[in-house]
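Q: First the structure, which I've put down as structure tokens, then a few questions once you've had a look.
The numbers here are math on the coordinates, done by the rules we state, and not lab data. The model shown is predicted, which means the values in this text are computed figures rather than measured ones. Here the Cβ positions follow ideal geometry from the backbone for every residue, glycine too, while neighbour counts run over all protein chains shown.
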Amino acid sequence: MSRIGKKPVPIPSGVTVTVEEGAVTVKGPKGQLEAPYVKNLVSVEVDGDQVVVKPLDMSKPARSAWGMTRTIIANMVKGVTEGFQKKLQIVGVGYRAQLQGRDLKLNLGYSHDVIYKVPDGIEVQVPQPTEIIVSGIDKQKVGQVAAEIRAWRPPEPYKGKGIRYADEYIFRKEGKKK
């Protein structure tokens, strides 16, 4: 039994949730999001000021989709009201970032500068040359963009140089001994 799926998703004021055939649309002050759901496994209903997700039967796939569907809807509601953000830190001598219009220019110790084109729906800020803030209303897109930026130079375990999440702990290794 899904413990997450049993809990209804509260709808705050200023947010509207509509359920069409196989898709849920959430509109709020920051924008609009839409996500499909598996209509032959779960049912989604708007009940007053909350969204209720129920499995159609107790099969393994239906129970799996139950909790996942509820979490996706909860993330959409949070996204259109508050939004999501990921903070990245750049550690290393000479490593830095700067914005050039909608593009993010990264100096990461390569022979060339890395130019990352920021996708639509995502906003990137660089308050300091060693700090990047990725924000948007879609949790999956924000995480994907942050992961793609981090992938250009993941942190290494000896000196800790690279791009890391702000809350990430890097397990440090001891170097060679004579």
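Q: Peptides 153-164, 27-38: what's the order by average Cβ count within 10 Å, highest mean first?
A: 153-164, 27-38
Q: Any chance you could give the angle, 0 to 90 degrees and rounded to 10, that helix 60-81 forms with the longest Cα principal axis of the chain?
A: For helix 60-81, the angle is close to 70 degrees.
Q: Put +1 on the Cβ of each Lys and Arg and -1 on the Cβ of each Asp and Glu in the chain; which of Pro127, Val44, Gly5 then has its Cα farthest toward the positive end of the dipole?
A: Farthest along the dipole direction, towards plus: Pro127.
Q: Please build a GNM for the chain, connecting alpha carbons under 10 Å apart, and tell me which residue among Met68, Met76, Met58 fluctuates the most.
A: Looking only at Met68, Met76, Met58, the biggest GNM fluctuation is shown by Met58.
Q: Between Glu174 and Ala147, what is the FRET efficiency for a Förster distance of 30 Å, r being their Cβ-Cβ separation, to the nearest 0.05?
A: 0.60
Q: Are any of the pairs Lys87/Lys141; Lys139/Lys173; Lys6/Lys78 more than 24 Å apart by Cα-Cα distance, and if so, which?
A: Lys139/Lys173
Q: Through the Karplus equation 6.51 cos²θ - 1.76 cosθ + 1.60, θ set to phi - 60°, convert the phi angles of the range 124-134 into ³J(HN,Hα) values in whole Hz; use x for Gly and Pro.
A: Values per residue, Gly and Pro as x: 10, 10, 10, x, 9, x, 10, 9, 10, 10, 9 Hz.
Q: With the contact rule set at Cα under 8 Å and sequence spacing of 6 or more, what percent relative contact order holds for the range 3-81?
A: 37 percent
Q: So what's the gap between the Cα centers of the range 137-168 and the range 44-62, to the nearest angstrom?
A: 35 Å
Q: Among rounded, prolate and oblate, which fits the range 130-178 when a ≥ b ≥ c are the square roots of the eigenvalues of its C-alpha gyration tensor, a/c under 1.5 means rounded, and a/b larger than b/c means prolate?
A: Prolate shape, in that a/c is at least 1.5 and a/b is the bigger ratio.
Q: What net charge is computed for the residues neighbouring Arg63, neighbours being all others with C-beta under 14 Å from the C-beta of Arg63, Lys and Arg scored +1, Asp and Glu -1?
A: Every neighbour counted, the sum reads +4.
Q: Next question, about the same structure. Run the reach check for Lys177 against lysines, Cα to Cα strictly under 16 Å, same-chain hits fewer than 8 apart removed. What comes back?
A: In chain and number order, the partners are Lys159.
Q: With each run of n ≥ 4 DSSP H residues scored as -39500 (n - 2.57), what mean residue ellipticity at 222 nm is computed for the chain after dividing by its residue count and rounding to the nearest 500 deg cm²/dmol?
A: Dividing the helical sum by the residues of the chain leaves -6500 deg cm²/dmol.
Q: Enumerate the calculated ³J(HN,Hα) couplings along the range 150-166 in order (Karplus 6.51 cos²θ - 1.76 cosθ + 1.60, θ = phi - 60°), each rounded to whole Hz, writing x wherever the residue is Gly or Pro.
A: 5, 5, 5, 7, x, x, 9, x, 8, 10, x, 6, x, 9, 10, 5, 4
Q: Compute, for the chain, the length of the dipole vector about the Cα centre, with Cβ point charges of +1 (Lys, Arg) and -1 (Asp, Glu) only. Units Debye, rounded to 20.
A: The calculated dipole for the chain is roughly 1160 debye.
Q: Sketch the reach of a paramagnetic label on Val38 as a point 7 Å from Cα along Cα-to-Cβ, and name the residues of the range 61-79 whose backbone nitrogen lies under 20 Å away.
A: Residues 61-76 fall inside that zone.
Q: Ok, one more. Over the chain, what relative contact order in percent results from Cα pairs under 8 Å that are six or more residues apart?
A: It rounds to 18 percent for the chain.
Q: Using r as the Cβ-Cβ distance of Ser64 and Thr16, and R0 as 35 Å, what FRET efficiency do you calculate, to the nearest 0.05?
A: Given R0 = 35 Å and the Cβ-Cβ separation, E is 0.80.
Q: Another question about this same structure. Relative contact order for the range 94-175: what is it in percent, counting Cα pairs under 8 Å that are at least 6 residues apart?
A: 17 percent
Q: Go ahead and set up a Gaussian network model of the chain, Cα springs under 10 Å, then flag whichever of Ser64, Ser111, Ser43 fluctuates most.
A: Judging by the Gaussian network model, the answer is Ser111.
Q: Also, I was wondering about something else. Of Pro61, Gly92, Ala35, which is farthest on the positive side of the dipole of the range 1-129, counting Cα position, with +1 on Lys and Arg Cβ, -1 on Asp and Glu Cβ, and the Cα centre as origin?
A: The listed residue farthest towards the positive side: Gly92.
Q: What aspartates and glutamates could a cross-link reach from Lys30, if we take a straight Cα to Cα line under 12 Å and drop same-chain neighbours fewer than 8 places away?
A: Answer for Lys30, where 12 Å is the Cα cut-off: Glu82, Asp138, listed by chain and number.
Q: Once you sort the root eigenvalues of the Cα gyration tensor of the chain as a ≥ b ≥ c, which label holds: rounded (a/c under 1.5), prolate (a/b larger than b/c) or oblate (the other case)?
A: Prolate is the answer for the chain, as a/c is 1.5 or above and a/b outweighs b/c.
Q: Under a Cβ-Cβ cut-off of 13 Å, what is the net charge of the residues other than Gln85 that fall near it, where Lys and Arg count +1 and Asp and Glu count -1?
A: Residues close to Gln85 contribute a combined charge of +1.
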